[in-house]
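Laboratory data are not the source of any read-out in this text; all were calculated from the coordinates shown. Because the structure is predicted, anything quoted here is derived from the model rather than measured. Don't worry about glycine lacking a Cβ; one is built from the backbone with ideal geometry, like all the others, and counts go over all protein chains shown.
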Amino acid sequence: MADQEQADVRLSLARLRQEHEDYDAAINAMITTGCDALRIQRMKKKKLSIKDKITALEDQIIPDIIA
């Protein structure tokens, strides 16, 4: 992977991590205030989707090591 591509992936990864943290904070606030359970569940699904994207990007950065 070229240096520029890797830098772009790392930038995307940082943005997704921040978005994941934002969703976590929002979910905790919704739970604290007693928000609708369906809304909380939807937010958790979005957060999980972001986590999957983070994992995929991390796999691009970290090379597979064949043991």
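Extending each Cα 7 Å along its Cβ direction at GLU5 and ILE61, get the distance between those two points in nm, one decimal.
Each label point lies 7 Å from its Cα, and together they span 1.6 nm.
Just to be sure I understand the model, the point goes 7 Å from the Cα along the line to the Cβ. What's the resulting LYS44 to ASP22 distance in nm?
Placing both labels 7 Å along Cα→Cβ, they lie 2.2 nm apart.
Just to verify a number: FRET efficiency for ARG15 and CYS35, C-beta to C-beta distance, R0 = 25 Å, to 0.05?
Step by step, r from the Cβ atoms, then E = 0.45.
What number comes out for the charge environment of LEU48, summing +1 per Lys or Arg and -1 per Asp or Glu over other residues with Cβ under 13 Å away?
Net of charged neighbours comes to +4.
Taking the Cα centre of the chain as the origin and placing charges on Cβ (Lys, Arg +1; Asp, Glu -1), which of ALA56, ILE66, ASN28 is farthest toward the positive end of the dipole?
Sorting the options by dipole projection puts first ASN28.
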